[in-house]
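Student: This is the structure, below, for whatever I ask next.
The values are calculated or read from the model by the stated rules, or taken from the named source; none is laboratory data. Just so you know, these numbers come straight off a predicted model, no measurement behind them. Neighbour counts are summed over all protein chains in view; Cβ atoms, including those assigned to glycine, are modelled from backbone coordinates with ideal geometry.
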Amino acid sequence: MRAEASLALLVAVIGCSGVGMLVGIGIRPRARLAWAGVVGLGYLVGLGILIVLAQLAIVLQIPFLTALALTTALGVIGAISAARQLPPKKQLRPAWDSLDRAGLVLLSVVVLLLLLLGSVAAWVHPLLDWDAWAIWTMKAVMINQSGGVPSEIFTNRWYSFMHPDYPIGIPALEAIYFRLAGSEETTHMHVLTWLILPAAGSGLALLADERLPAKVWGPIIAALIVVPTVVTQALTAYVDVPVALMLSAGLLAGANWLESKRLNSLIVCAALIAGAACMKNEGMTTGLLLFASLSLLGWRQWKQLALGWAIVLLAVVPWRLFLSLNSITGDLSPSRLIDTNYLSAHFGRATGGLTGLLSQAFSLQGQSPAQDLIVGAILVSAAAVVILSLSDRVAVFALLVILASLLAITSAYLVSYPVSLSGRIASSAPRVVLTPVMLLMLGAMLQLRRRSSPAQSISEQ
Amino acid sequence: MEILTKLRNAAAVMLVSLAAVLAVTSIPSTASSLSERRSPATYVTYNGRAFPAVKCDRAPGVYRFIDWAKRRVGRGESFIWLGCGAERGALRYWAAFQMYPAELTGRYLLGQLPPNPSADWILAWDTSQLTAADIPSGYQLNGRYSENGFLLRKNAR
């Protein structure tokens, strides 16, 4: 019973803290419906901030439960700050047309399906899949038992299978749950990561609604989160889906900032990128490149960007320093990327990896042949929209981010010699391809019909 | 330029329309697969017989199994842990924390067991095809704790 209560408490703390932070930075919609988006985005932001602080606490060798207290404090401070501010101005809200309503209904059905039926499934789904228990949860048990990262195990070559150099945000989250639950109870634990999927559904809608009508974002976001391959993977407690969703939300928040230059959009973007950077190396690389692209295109707002970089680098620099100081290395050698001899001998792995990845994108695992055809047509359409919109700065941003995600993945394939490339692709491509696919679809979505003024926003901001 | 704009608009319409089709057609299969997961098996079938799942089988996560096994070891019962899963993961981890200093005499595969094994339990990991001939004399199938993990129990004397 304590485990179940602890899980409910942790979910509530993450969600409420995230909502508190969002309202504190001025994201306070007037429409009730838009609060579903705030709750979803709040869960993503709250979880991102919690794992950044938990990883930092472990690196600094202070009790990792401090991160939970700090996250809660940030949420409370945000809520108090919002209560002292004037309510947002109400704007005119033109009636939605029938297609807008259909888009909203479609996404609502999908989010509710994932939230209700999916959470029950995650509740009973056993923790069987390799990465989930052999990488993330094994590290979580170590963190829970030792209070930190036991370097004698992380540097032991027999443990290289668990990727000792990967960021420890997710293990730290699980360790917090273990500590609250009073035991290493894994039965229901992955509800925490599962909830990222329905939360992203409403959170992405809130972010997209700033630029687009519901008839555009409804179908696209619904398709992204309900396809069987995404749902199945999200239930395994692998972190590829959470990374893809955090980066996707980061893309939308970044695009909003490029257009509006509002600081709160940039802070949300930075928090999401920081969260992705604490989950997996691919999340870290793609996230850094995403924020670098944003900085390149919006460099005039360098003061805002400096604050954003401070949040992002908090998730990256301390962990990388910790790895270096403790001689913890992974099974990949990034230094090979600047070794001309290695590159000339093995460059075929990059092209082969990219080809394997793209072919995987057109045949997402677990779908019917008809759905594969639809996915193929969607990807071709999305690529055409992005490429034909490159006169727009947001399209350039989206293209840079999509290329960054492909670069991050193919670089990993490139430097992984002597591991068999085909084996590497077979074991990873169905999972890692989700990030570029989601970024491509959302990048294209950003270029679709803009909302006419006055804002027809669900948030009425 | 006009052609490119028309092309872009056509691609945009196609993107949104097909996304709607993909979402709508995915809902039934996703709902169905999520519903199936609501009923975890509490019994397993082996050679046509239903065996009650072991206690940990109701939520057969590896660490859940460890919790269960730990209590058994605490009562003085011993385990043999077989298969590559043991070598690649849990066994080394347990050894690192000295949870099972002597009880685990693993690193054997079924068929390569020492003669007359004496452990109270044998956990056969990564053994998706278990036949009666594989079960060592003196043991019986007790259940399974995962898709490919079988648990054998020493017969009562």
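Student: What helices (runs of 4 or more DSSP H), lying completely within segment A:303-403, carry at least 2 residues that are buried (at least 18 other Cβ atoms within 10 Å of the Cβ)?
Tutor: A:348-361, A:369-387
Student: Please determine whether any residue of segment A:422-443 is modelled with pLDDT under 90, surrounded by fewer than 20 Cβ atoms within 10 Å (Cβ to Cβ) and on the phi > 0 side of the Ramachandran plot.
Tutor: No, segment A:422-443 has no match at all.
Student: Another one. Return the only residue of A:Ala31, A:Ala67, A:Ala83, A:Ala36 being among the small types (Gly, Ala, Ser) and exposed (fewer than 14 other Cβ atoms within 10 Å of the Cβ).
Tutor: Selected residue: A:Ala83, the only one of A:Ala31, A:Ala67, A:Ala83, A:Ala36 that is among the small types (Gly, Ala, Ser) and exposed (fewer than 14 other Cβ atoms within 10 Å of the Cβ).
Student: With (1) surrounded by fewer than 24 Cβ atoms within 10 Å (Cβ to Cβ); (2) over 22 Å from A:Ile402 (Cα atoms) as the list, and A:His190 as the residue in question, which single condition is left unmet?
Tutor: Going through the list (1) surrounded by fewer than 24 Cβ atoms within 10 Å (Cβ to Cβ); (2) over 22 Å from A:Ile402 (Cα atoms), A:His190 breaks only (1).
Student: Cβ-Cβ under 7 Å, sequence separation 6+ or interchain: first residue in segment A:336-360 and aliphatic (A, V, I, L, M), partner not in a helix (DSSP H, G or I). Which pairs?
Tutor: A:Leu337/A:Val415; A:Leu357/A:Val433
Per-residue answers, yes or no, for (1) modelled with pLDDT of 90 or more; (2) among the aliphatic types (A, V, I, L, M); (3) under 25 Å from A:Gly330 (Cβ atoms); (4) in a loop (DSSP other than H, G, I, E, B):
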site: A:Met142; (1), (2), (3), (4): no, yes, yes, no
site: A:Pro164; (1), (2), (3), (4): yes, no, yes, yes
site: A:Leu180; (1), (2), (3), (4): yes, yes, no, no
site: A:His188; (1), (2), (3), (4): no, no, no, yes
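Student: Condition test on A:Gly182, is it farther than 30 Å from B:Ser32 by Cβ and either among the small types (Gly, Ala, Ser) or surrounded by fewer than 22 Cβ atoms within 10 Å (Cβ to Cβ) (or both)?
Tutor: It is true that A:Gly182 is farther than 30 Å from B:Ser32 by Cβ and either among the small types (Gly, Ala, Ser) or surrounded by fewer than 22 Cβ atoms within 10 Å (Cβ to Cβ) (or both).
Student: Please state which one of A:Met284, A:Met279 is out of contact with any strand residue (DSSP E or B) (no Cβ under 8 Å at 6 or more places or on another chain), modelled with pLDDT of 95 or more and either aromatic (Phe, Trp, Tyr) or not in a helix (DSSP H, G or I) (or both).
Tutor: Exactly one of A:Met284, A:Met279 is out of contact with any strand residue (DSSP E or B) (no Cβ under 8 Å at 6 or more places or on another chain), modelled with pLDDT of 95 or more and either aromatic (Phe, Trp, Tyr) or not in a helix (DSSP H, G or I) (or both), namely A:Met279.
Student: Do you know which residues across segment A:212-241 are more than 22 Å from A:Leu379 (Cβ to Cβ) and either part of a helix (DSSP H, G or I) or within 14 Å of chain B (Cβ to nearest Cβ) (or both)?
Tutor: A:Pro213, A:Ala214, A:Leu235, A:Thr236, A:Ala237
Student: Only one of A:Gly18, A:Gly26 is touching a helix residue (DSSP H, G or I) at 6+ places or on another chain (Cβ under 6 Å) and part of a helix (DSSP H, G or I); which?
Tutor: A:Gly18
Student: Right, something else. What's the number of the only condition in (1) hydrophobic (A, V, I, L, M, F, W, C); (2) in a helix (DSSP H, G or I); (3) touching a Leu at 6+ places or on another chain (Cβ under 9 Å); (4) in contact (Cβ under 8 Å) with a residue 12 or more places away in the chain that A:Leu117 fails to meet?
Tutor: (4)
Student: Sort through A:Lys261, A:Lys303, A:Lys280 and tell me the only one that's free of Cβ contacts under 8 Å to residues at least 40 places away in the same chain and among the charged types (D, E, K, R).
Tutor: Exactly one of A:Lys261, A:Lys303, A:Lys280 is free of Cβ contacts under 8 Å to residues at least 40 places away in the same chain and among the charged types (D, E, K, R), namely A:Lys303.
Student: Could you tell me which numbered condition A:Glu174 fails, if it satisfies all but one of (1) assigned to a helix (DSSP H, G or I); (2) surrounded by fewer than 20 Cβ atoms within 10 Å (Cβ to Cβ)?
Tutor: (2)
Student: Sticking with this structure for a sec: Being touching a Cys at 6+ places or on another chain (Cβ under 6 Å), of a type outside the set (Phe, Trp, Tyr) and closer than 30 Å to A:Phe64 by Cβ narrows it down to one residue among A:Gly182, A:Gly169, A:Gly203; which is it?
Tutor: From the options A:Gly182, A:Gly169, A:Gly203, the qualifying one is A:Gly169.
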